[in-house]
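J.: Can you keep this structure in mind? I'll have questions shortly.
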Amino acid sequence: MKRLSLTATCLLYILFSLPLWACGPYFPDYIRSAEQISPLRSPYTYNESFSGTSPGIIFPSWRIMFLYQAYRGLANGDAHMISLPGAIDKTAHLDWLAARKSVTDKDAQVNRWAEGEYFAYFRNYLDDAFYTAANTLNERKKVFNRQEMDIWLEGQDEVFGSIEGRLFDEEFDRDIANPLLKQDREYQRAAACFYARRYQEAEERFREISENPEHPWRIYSALAACRTLMRRANAEHDAELKKYGTREEGRKKAVAARDTWLRKADDCLESVLKDTTLEPVHPSAGRLREYIMFRLEPLKRFAEAENVLLSAISPSEIGWNLSDFAILYSGLKQKDKDFIIQNGGDFSQWLMAMQSEIEEPAGFAAKKWGEKKSLPWLIASLKTMSPDSPWIGGILQEALEIPADSPAYMSARYYYFSYLVKSGFDREKLAEQLDSFIGTLDRGKAPAEWNCFADLRMLVSPSLEEALQRSLRKVVAAHDDYETLSGDFELLDKKIQSMFNECMPLEKWAEIVLQEGLFTPGIMKQLSFTAFTRAVLLNDFPAAEKIASKLSETDAQLKKDFSGFLESSTFGEKKFSAVFFMLNYPRLNTILDSAADEIIVKNLPLNIRDIYRRNWWRPYETSSPAGQRENLQGHAEELLQLLPEGLIEKAQEENRLLSDIAAPNYLADTVIKYASENPKDPRVPKALHLAVQATRYAGFKDEETSRYSRKAFQILHRGYPGNEWTEKTPYWY
Amino acid sequence: MKIGAFGITTAVVCMALYNACTAFGGKAEQNSPEIVLWAWERCENLLFLKEETRVKVAFYAGIIVFREGETVFTPRRQLLIVPPEIPLTAVVRIENRQGFIPDKQQISEAVRIIAITCIKKGISGCQIDFDCRSSEFGFFKSMIEELKDKLPSSMPLSITVIASLSHSGSMVDSLPVDEAVPMLFRTGPDEDLIRKGLAGQSFMKASACQKAAGISLDEPLPHAKYLQDRKLYIFNTRPWTQKDFVEALLKIKLHIKKKVLP
């Protein structure tokens, strides 16, 4: 049974756990845009107060346990806790050790894992074993004398594998006067056999105890005998595998052997359930039978688990059935969708409808809504509805009538508006409706929902300016291994970032960054630096000057650092001065990316080198038109139509030019050329030093980079011996 | 002239392909690099390695998590089926999730667990997989030193290291390990440099990092010069199959040959 439990636990882990990533370093990914929020697997990532009655917008990407809670909230208006089985109670063995300490000073080690076949381990002692032992110890303390207690404890230590003693010396028992202690030791012996995987002997001993109506362990032994058969099923499975190999023949024989023993266990449990004197263990026996059914009759178990889930209240009952259901549902969804469509219950059918990209089969969700008129089906039909659906009018009307205190409210509105956006509904009217709805939302309490509706609103903006004004999103979560988000931060919508990177030429960047107060100061600054970098690389110095002047207005350090650039007159001097500035500001980039997000959120200085080499820019990888549309996350039509004609083509041409510029080569080359013509410029030695450094610390290099590094190094050392910057440059790279 | 150049190129490519195919034939032979397959926490059936003489397996044997002052060990729970003649290295993954450096007691507990896990019949090597941050290096060093004392002298102790720690002069060289395996995958911003062979003269030149390299099948291979004449640890994001194995060997062999040929 415990191997079965282990298997289920592993599967649960796979189903419910977050993915694990190897190695590092990891960089934060700030979640704010609808296309980032909607694929998340847990609503708790951004909403700690999630519950079935307050689910927010229900997304089909959620793990089944959250979708179940949402379903129950929609269907019955109830919120239930779920206690998932298999969760490891790390304190169970500590409870035992603590109880044990109350009667002895001797330490004991407990290893809850046992080594199975093929280098795999399994959890040998489940939590209930420790709880039962601790409870029994506390009871026996009251009735046993010191010597009896020592004997009992010694036996129990042997059960838990801590020692090897006299538990199996039945001669020794003859000298024990206390009959309760003798009976305890009989049970301990059976249990020790069980944990030592001597299953035949364990079964015989448990049966012997269970047949003694006077024995205090009779009831538990009756159940334990069945559990022994279940464990044996797995042992026989592994033994066959070892004997016949792991190819198909071996696997078939292994499964056959396992199933034979599981059937025996099932018969055993059935007889326990029929015996009314064993009532205290009936719930456990029922659960064990469910395990067996999971293996032997998965479809039956699937239907049974779903049936329980539709009305269960107990957290453990829900958890127990949900874990089996989730595993079986996932298998069926991949292999036999028709079974769910034809034989599934309301929940599994709803799940499948929600998780389908399109209505499948056509009109399924809408028909269900027509039959049931229930909230879950209203949401599912709204989410998947096609414009030619005959139920369209009724569904949309119904969605609007959902009251604000309904758990379906947010989802109904979101999928309602999403449908209208997708179906090309009048943008102006839709904008009005969305404005009015967003006005009722509390951005502070439900930022993720607010962002999703703001996203829709942005998509129906009549102009680029308005879309930009509506592109600020509150960060709702940060994905990264080592840091958690603290504080409120705003970033640009991801799609708008893509538009900047791919669809806007420099003239548009410059126009935007020279405006006042369009975005937060942090975002404006980052945009400005990026626009400045683009302007310099594209040799558009007038634009670069305007941007630099604006940046200098409010920052004394920048004013000083830009002064060389702003005051220079010739093209060569201008370019060198711009490059000198860039060399001093390694975090300058040509695009808005996740590193730029991190700079904004953490207010990182751009003139400090990144230890992870996210310094300067990488050659721009131009996207194909198809790639551009992909980056706009399915909303290319809505967003691209906001751009004046010819803008995208111009942006593409600029990006093509940027794609040829390797940062360290460009920086070093500019400095080398300027140094040869202006060797007396006092900035040159430092510029050469920084150029050499750039060939080491830039995030991108190519086969030419070392040549530039060497050249800059040689000019520095030959032309400026003894200079402090020469001393600081002992190597080229 | 053009035809001649094309002909030479074709001949070179054919020769490389022929050599690669005949050298392997689905097997790692004497002239190929020593290969170690990382077998992670999933059911792995590696019986197809039966006749391989240059292949070893490093298997995930469990994870030690330092959490809230406790040292929690979860051993491997998935079957690992390997031919008995294949040398095995037990890999213990370590994660520090408690926000502070593990104390002496936790180090001792971890060392005891690792030693028990590695000193087993059929296991000939021990590897520690820990993404060590610089602030954790002191603790890591203490742990490795204590572990080295506990392991039999005949058992090689290996560690995995992030690529950026493989430069000459790296603190990795102060560890008493027989081998440090630079992980040349999931390297973040350095990915491009590693692929182009531009990660610098000192890259992978730490003494401990000169014998091996770690790669993953789901990423393009690093530059050949970082793989040549090294024992190669290969990570697969899915359970190993014979097809994956054969293809991986061919890919590596061709990759290395292509770069070596003029």
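The values are calculated or read from the model by the stated rules, or taken from the named source; none is laboratory data. All figures in this text were calculated on a predicted structure; none of them were measured in a lab. Neighbour counts run over all protein chains shown; Cβ positions are idealised from the backbone, glycine included.
J.: Among the residues in the stretch B:46-62, are any in contact (Cβ under 8 Å) with a residue 60 or more places away in the chain, within 9 Å of chain A (Cβ to nearest Cβ), over 29 Å from B:S142 (Cβ atoms) and touching a Pro at 6+ places or on another chain (Cβ under 9 Å)?
T.: no
J.: Which condition breaks for B:L79 when tested against (1) modelled with pLDDT under 90; (2) facing chain A (nearest Cβ under 9 Å); (3) surrounded by fewer than 15 Cβ atoms within 10 Å (Cβ to Cβ); (4) under 27 Å from A:Y125 (Cβ atoms)?
T.: (3)
J.: Can A:D128 be described as under 25 Å from A:D324 (Cα atoms), more than 14 Å from chain B (Cβ to nearest Cβ), surrounded by fewer than 14 Cβ atoms within 10 Å (Cβ to Cβ) and not polar (S, T, N, Q)?
T.: Criteria met by A:D128.
J.: Restricting attention to the stretch A:684-733, and to residues there that are assigned to a helix (DSSP H, G or I) and among the acidic types (D, E), which single residue is farthest from the other protein chains (Cβ to nearest Cβ)?
T.: Taking the candidates together, the pick is A:E724.
J.: OK, next. A:Q36 versus (1) out of contact with any Gly (no Cβ under 9 Å at 6 or more places or on another chain); (2) under 30 Å from B:I215 (Cα atoms); (3) at pLDDT below 90: which is the lone unmet condition?
T.: Here A:Q36 meets the rest and fails (3).
J.: Sort through A:S411, A:S323 and tell me the only one that's at pLDDT 95 or above and not acidic (D, E).
T.: Result of the check over A:S411, A:S323: A:S411.
J.: Could you check the stretch A:332-358 and list, in sequence order, the residues that are among the small types (G, A, S) and more than 16 Å from A:R63 (Cβ to Cβ)?
T.: Correct list: A:G344, A:G345, A:A353, A:S356.
Residue-by-condition table, conditions (1) crowded, with 19+ Cβ neighbours inside 10 Å; (2) farther than 22 Å from A:N451 by Cβ:
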| residue | (1), (2) |
| --- | --- |
| A:W369 | yes, yes |
| A:S386 | no, yes |
| A:P390 | no, yes |
| A:G394 | no, yes |
| A:P407 | yes, no |
| A:G424 | no, yes |
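J.: Regarding the stretch A:249-261, can at least one residue be identified that is over 21 Å from B:C43 (Cα atoms), in a helix (DSSP H, G or I) and not small (G, A, S)?
T.: yes
J.: If you take the residues of the stretch B:84-107 that are more than 11 Å from chain A (Cβ to nearest Cβ) and touching a Lys or Arg at 6+ places or on another chain (Cβ under 7 Å), which of them is nearest to A:A114 (Cα to Cα)?
T.: Here the residue is B:T89.
J.: Going through the stretch B:144-159 one residue at a time, which ones are assigned to a strand (DSSP E or B) and in contact with an Asp or Glu (Cβ under 7 Å, 6 or more places away or on another chain)?
T.: B:L157, B:S158
J.: Mind listing whichever residues of the stretch A:101-112 are crowded, with 16+ Cβ neighbours inside 10 Å and within 14 Å of chain B (Cβ to nearest Cβ)?
T.: If the condition is that a residue be crowded, with 16+ Cβ neighbours inside 10 Å and within 14 Å of chain B (Cβ to nearest Cβ), then A:V110, A:N111, A:R112 are the ones that fit.
J.: Only one of A:E203, A:E164, A:E186, A:E148 is surrounded by fewer than 19 Cβ atoms within 10 Å (Cβ to Cβ), farther than 30 Å from B:K120 by Cα and either away from chain B (no Cβ under 14 Å) or not polar (S, T, N, Q) (or both); which?
T.: A:E148
To keep it simple, each residue is scored yes or no on (1) β-branched (V, I, T); (2) more than 14 Å from chain B (Cβ to nearest Cβ); (3) surrounded by fewer than 16 Cβ atoms within 10 Å (Cβ to Cβ).
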position	(1), (2), (3)
A:I64	yes, yes, no
A:Y68	no, yes, no
A:R72	no, yes, no
A:W96	no, yes, no
A:A99	no, yes, no
A:A114	no, no, no
A:A120	no, no, no
A:T136	yes, yes, no
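J.: Now for a different question. In the stretch B:160-178, which residues are touching a residue at least 40 places away in the same chain (Cβ under 8 Å) and either outside any helix (DSSP H, G or I) or closer than 25 Å to B:S124 by Cβ (or both)?
T.: Matches in the stretch B:160-178: B:T160, B:V161, B:S166.
J.: OK, next. Can you pull out the residues in the stretch A:426-446 that are in a helix (DSSP H, G or I) and free of Cβ contacts under 8 Å to residues at least 12 places away in the same chain?
T.: Matches in the stretch A:426-446: A:K429, A:E432, A:S436.
J.: A further question follows. For the stretch B:189-230, name all the residues that are more than 14 Å from every other protein chain (Cβ to nearest Cβ) and surrounded by 18 or more Cβ atoms within 10 Å (Cβ to Cβ).
T.: B:M204, B:A206, B:A208, B:C209, B:A212, B:L221, B:Y226, B:L227, B:R230
J.: Kindly establish whether A:G52 is over 30 Å from A:Y125 (Cβ atoms), at pLDDT below 95 and within 14 Å of chain B (Cβ to nearest Cβ).
T.: So A:G52 does not fit the description; no.
J.: Kindly state which helices (runs of 4 or more DSSP H) lie completely within the stretch A:525-593 and contain at least 3 residues that are free of Cβ contacts under 8 Å to residues at least 24 places away in the same chain.
T.: Of the helices (runs of 4 or more DSSP H) lying wholly inside the stretch A:525-593, those with at least 3 residues that are free of Cβ contacts under 8 Å to residues at least 24 places away in the same chain span A:541-553, A:556-567.
Residues checked against (1) surrounded by fewer than 19 Cβ atoms within 10 Å (Cβ to Cβ); (2) assigned to a helix (DSSP H, G or I); (3) in contact (Cβ under 8 Å) with a residue 40 or more places away in the chain:
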| position | (1), (2), (3) |
| --- | --- |
| A:A448 | no, yes, yes |
| A:E465 | yes, yes, no |
| A:S498 | no, yes, yes |
| A:E502 | no, yes, yes |
| A:W509 | no, yes, no |
| A:F519 | no, no, yes |
